[in-house]
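Participant: Pasting in a structure now, in structure tokens, and then I'll have a few things to ask.
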Amino acid sequence: MIIVGLTGGIGSGKTTVAKQFEELGIPVYIADVEAKNLMHKSKIIKRKLIQLFGDKAYVDNKLNKRFIADVIFNDKGYLQKMNEIVHPRVAKHFEKWVLKQDAPYVIKEVAILFENGGHKACDYVITVTAPKDLRIKRLLNRDNTTKDKIQAIMKNQWTDEEKIKYSDYVIDNIDLEVTKNQVINIHKDLLKII
Ligand code: ATP
């Protein structure tokens, strides 16, 4: 199966673009969503996260996101340890998911792709870009967050320029209709070359 990685900075429009590929009949795997699902469902992940963060990691059987976010904010080492627990299991889950798909290629949306070397496991990579100010505006509209929080996340992500260097395709996501046309063109190109 051909794996097409889909990445981009926070608020660039990855999920919006992923949905447009889905409308073309392409199966989409959103790694962050699946990771969150597994953190709720997988007994082994739950056990290991409780070992790492203590009993407060889950409240009423639900992941205590606020508590974990606070711990990570104060000690970034915890983020790496959490990733070491969650990432390999998401990778396995993705492998199983891929086997069940019947399509010319699949889209794997991963927010932090290049930063973790995940692009090496993709056959092609698409990066979604948009100006920083526009991304901040979209996120302030979508989430209960602040400009400072968004900028702190942006600092930990590669810049668009760095991502573009390693990408096979770039989607400039400003106007939704223009974005859709770019998606259709990439889809057609992929069908031609794979
Ligand atoms: P995150 O980094 O948080 O996962 P993302 O890159 O997946 O975000 P989206 O959730 O797709 O980004 O988009 C962020 C917000 O901006 C959403 O509310 C979405 O509806 C809106 N949005 C995305 N693209 C456009 C666009 N071209 N025009 C207008 N609004 C858009």
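The values are calculated or read from the model by the stated rules, or taken from the named source; none is laboratory data. Predicted model only: the values in this text are computed from it and were never measured. Note that each Cβ is placed from the backbone with ideal geometry, even for glycine, and that neighbours are counted across all protein chains shown.
Participant: In region 86-106, which residues are surrounded by 11 or more Cβ atoms within 10 Å (Cβ to Cβ), among the hydrophobic types (A, V, I, L, M, F, W, C) and assigned to a helix (DSSP H, G or I)?
Facilitator: Listed by number, the residues that qualify are Val86, Val90, Ala91, Phe94, Trp97, Val98.
Participant: Among the residues of region 1-49, which ones are in a helix (DSSP H, G or I), more than 8 Å from the ligand (Cβ to nearest atom) and among the small types (Gly, Ala, Ser)?
Facilitator: Ala31, Ala35
Participant: Of the residues in region 112-167, how many are in a helix (DSSP H, G or I) and either under 22 Å from Phe21 (Cα atoms) or within 12 Å of the ligand (Cβ to nearest atom) (or both)?
Facilitator: To start, the set of residues in region 112-167 that are in a helix (DSSP H, G or I) comprises 114-116, 118-121, 132-142, 147-155, 160-165.
The next check asks that each one be either under 22 Å from Phe21 (Cα atoms) or within 12 Å of the ligand (Cβ to nearest atom) (or both); those that pass are 114, 118-121, 134-142, 149-150, 153-154, 160, 163-164.
Summing the residues that are in a helix (DSSP H, G or I) and either under 22 Å from Phe21 (Cα atoms) or within 12 Å of the ligand (Cβ to nearest atom) (or both) in region 112-167 gives 21.
Participant: Continuing with the same structure: Would you check if Arg66 is surrounded by 12 or more Cβ atoms within 10 Å (Cβ to Cβ), more than 15 Å from the ligand (Cβ to nearest atom) and in a helix (DSSP H, G or I)? Show your work before the answer.
Facilitator: Working: surrounded by 12 or more Cβ atoms within 10 Å (Cβ to Cβ): no; more than 15 Å from the ligand (Cβ to nearest atom): yes; in a helix (DSSP H, G or I): yes.
The answer is no for Arg66.
Participant: Same structure again: Quick one: Gly9 ticks every box in (1) within 14 Å of the chain's Cα centre (by Cα); (2) farther than 29 Å from Leu134 by Cβ; (3) touching a residue at least 60 places away in the same chain (Cβ under 8 Å) bar one, so which box is it?
Facilitator: Single failed check for Gly9: (2).
Participant: Mind telling me which of the residues Ile194, Ile171 ends up being surrounded by 14 or more Cβ atoms within 10 Å (Cβ to Cβ) and touching a residue at least 60 places away in the same chain (Cβ under 8 Å)? Talk me through it step by step, then tell me what you get.
Facilitator: Values: Ile194 fails: surrounded by 14 or more Cβ atoms within 10 Å (Cβ to Cβ).
Going through Ile194, Ile171 in turn, just one is surrounded by 14 or more Cβ atoms within 10 Å (Cβ to Cβ) and touching a residue at least 60 places away in the same chain (Cβ under 8 Å): Ile171.
Participant: With the structure loaded, tell me whether Ile44 is at pLDDT 95 or above, assigned by TED's automatic domain parsing to the domain that holds Glu177 and of a type in the set (A, V, I, L, M) or whether it fails that test.
Facilitator: no
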